[in-house]
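This is the structure, below, for whatever I ask next.
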């Protein structure tokens with residue numbers, strides 16, 4: 001198997017284990033309140049990190065390019081409560097248009 | 001999954017119809033999301049089969065997007081896995097919240113083990129929005145069935161179409177971050193959520209030039225310590 005297939009298999013096992021642990025095993029238990037609050041914040045912390053990583057870097061160094069503009073468009077569209085399709089299409093179109101102009 | 005049965009009862013009971021309509025509308029929207037995942041995953045270097053395997057077996061959108069976004073940026077599969085696994089931890093919390101309702105509706109351990117695979121953002125959100133156990137069941141089962149079908153159908157379609165186009169020309173490399181932006185607002189409703197988001201973003205930016213690809217996103221999870229204070 002290629003490394004990517006291994007990652008997919010590991011991720012499948014992990015995500016099912018996490019879903020099943022809560023559903024089947026921990027059902028009657030309650031986590032300590034501070035821990036529960038922290039776990040609930042994981043998406044906020046990680047999603048915003050993923051956004052700035054793609055908006056302001058190429059993953060290795062800080063870079064400002066057409067993607068930043070595309071993601072700015074996505075921010076405005078989300079703020080205006082646009083549907084998901086519009087957000088993705090708008091961001092992609094803005095990025096593609098700037099690239100076409102720059103090329 | 002008895003999705004069709006739930007839909008069949010819909011014509012008679014207006015409450016059931018309301019729940020089923022909501023589930024189907026959300027699932028259809030998620031299908032579009034699945035489509036963009038398929039396109040972006042193939043653009044990031046996955047094969048169509050790999051994109052589809054992610055959607056069938058991992059079946060938790062944010063983790064799938066995160067994993068392929070790290071792989072696409074040239075990160076190692078280990079960091080891609082770690083970031084995605086971190087995002088999947090919230091499914092543990094959903095499972096705890098859903099264990100009571102699932103025990104009521106699914107009965108035996110075998111059926112509960114199957115139901116567990118479908119404990120994700122949307123199914124949990126829609127099921128727990130209903131107070132009556134009967135409507136909870138309809139919400140969970142309909143959303144689980146429809147969302148799985150739309151998500152995977154969308155991924156398959158996207159993976160097949162995506163292989164035929166150059167993702168950069170069409171700006172599809174911003175499909176991941178644009179989707180992440182769209183996923184954020186529900187998590188920014190609380191003050192702690194906004195703080196965690198700001199701190200996470202700051203940690204990531206500082207870490208990008210210093211740490212290997214994919215690692216900054218994992219480090220950003222440290223920002224959840226803002227939840228320690230009540």
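If you go through region A:37-46 one residue at a time, do you hit one that is under 26 Å from residue B:203 (Cα atoms), free of Cβ contacts under 8 Å to residues at least 40 places away in the same chain and out of contact with any helix residue (DSSP H, G or I) (no Cβ under 6 Å at 6 or more places or on another chain)?
Within region A:37-46, one or more residues are under 26 Å from residue B:203 (Cα atoms), free of Cβ contacts under 8 Å to residues at least 40 places away in the same chain and out of contact with any helix residue (DSSP H, G or I) (no Cβ under 6 Å at 6 or more places or on another chain).
Additional query: Quick one: is residue B:112 at pLDDT below 85 and facing chain A (nearest Cβ under 7 Å)?
Working: at pLDDT below 85: no; facing chain A (nearest Cβ under 7 Å): yes.
Here the answer is no, as residue B:112 does not meet what is asked.
Something else about it: Determine if region B:212-224 includes at least one residue that is within 15 Å of the chain's Cα centre (by Cα) and within 30 Å of residue B:99 (Cα to Cα).
There is no residue in region B:212-224 that is within 15 Å of the chain's Cα centre (by Cα) and within 30 Å of residue B:99 (Cα to Cα).
Residues in region B:123-135 that are over 20 Å from the mean Cα position of the chain (by Cα) and surrounded by 18 or more Cβ atoms within 10 Å (Cβ to Cβ): how many? Lay out the reasoning, then the answer.
Of the residues in region B:123-135, the ones over 20 Å from the mean Cα position of the chain (by Cα) are B:130-135.
After this cut, where a residue has to be surrounded by 18 or more Cβ atoms within 10 Å (Cβ to Cβ) as well, the list is B:130, B:135.
Qualifying residue count, region B:123-135: 2.
Considering only region B:79-93, I want to know if a residue exists there that is assigned to a loop (DSSP other than H, G, I, E, B) and either touching a helix residue (DSSP H, G or I) at 6+ places or on another chain (Cβ under 9 Å) or within 18 Å of residue B:184 (Cβ to Cβ) (or both).
No, that holds for no residue.
Taking the stated definitions as given, is residue A:7 at pLDDT 95 or above, more than 15 Å from the chain's Cα centre (by Cα) and surrounded by 15 or more Cβ atoms within 10 Å (Cβ to Cβ)?
Here the answer is yes, as residue A:7 does meet what is asked.
Taking the stated definitions as given, is residue B:52 more than 7 Å from every other protein chain (Cβ to nearest Cβ), within 21 Å of residue B:151 (Cα to Cα) and either crowded, with 24+ Cβ neighbours inside 10 Å or out of contact with any strand residue (DSSP E or B) (no Cβ under 6 Å at 6 or more places or on another chain) (or both)?
So residue B:52 passes the test.
Condition first: within 17 Å of residue B:181 (Cα to Cα), part of a helix (DSSP H, G or I) and in contact (Cβ under 8 Å) with a residue 60 or more places away in the chain. Now tell me which residues in region B:45-75 satisfy that.
B:61, B:62, B:65, B:66, B:68, B:69, B:70
Separate question: Residues of region B:150-170 being over 17 Å from the mean Cα position of the chain (by Cα) and not in a loop (DSSP other than H, G, I, E, B), which ones?
Restricting attention to region B:150-170, the residues satisfying the condition of being over 17 Å from the mean Cα position of the chain (by Cα) are B:157, B:159-170.
B:157, B:159, B:160, B:161, B:162 - these are the residues of region B:150-170 that are over 17 Å from the mean Cα position of the chain (by Cα) and not in a loop (DSSP other than H, G, I, E, B).
Residue B:217 fails exactly one of the following numbered conditions: (1) outside any helix (DSSP H, G or I); (2) within 11 Å of chain A (Cβ to nearest Cβ); (3) in contact (Cβ under 8 Å) with a residue 40 or more places away in the chain. What is the number of that condition?
All conditions are met except number (1).
Do we have any residue at all in region B:106-122 that's crowded, with 20+ Cβ neighbours inside 10 Å, on the phi > 0 side of the Ramachandran plot, free of Cβ contacts under 8 Å to residues at least 60 places away in the same chain and not in a helix (DSSP H, G or I)?
no
Among the residues of region A:84-98, count how many are facing chain B (nearest Cβ under 7 Å) and surrounded by fewer than 18 Cβ atoms within 10 Å (Cβ to Cβ).
2
Identify all residues within region A:70-83 that are more than 7 Å from chain B (Cβ to nearest Cβ) and closer than 14 Å to residue B:176 by Cα; write none if there are none.
Scanning region A:70-83 gives A:72, A:73.
The values are calculated or read from the model by the stated rules, or taken from the named source; none is laboratory data. Small disclaimer: the values here were computed from a predicted structure and weren't measured. All Cβ positions, even for glycine, are placed from backbone atoms using ideal geometry, and neighbour counts span all protein chains on display.
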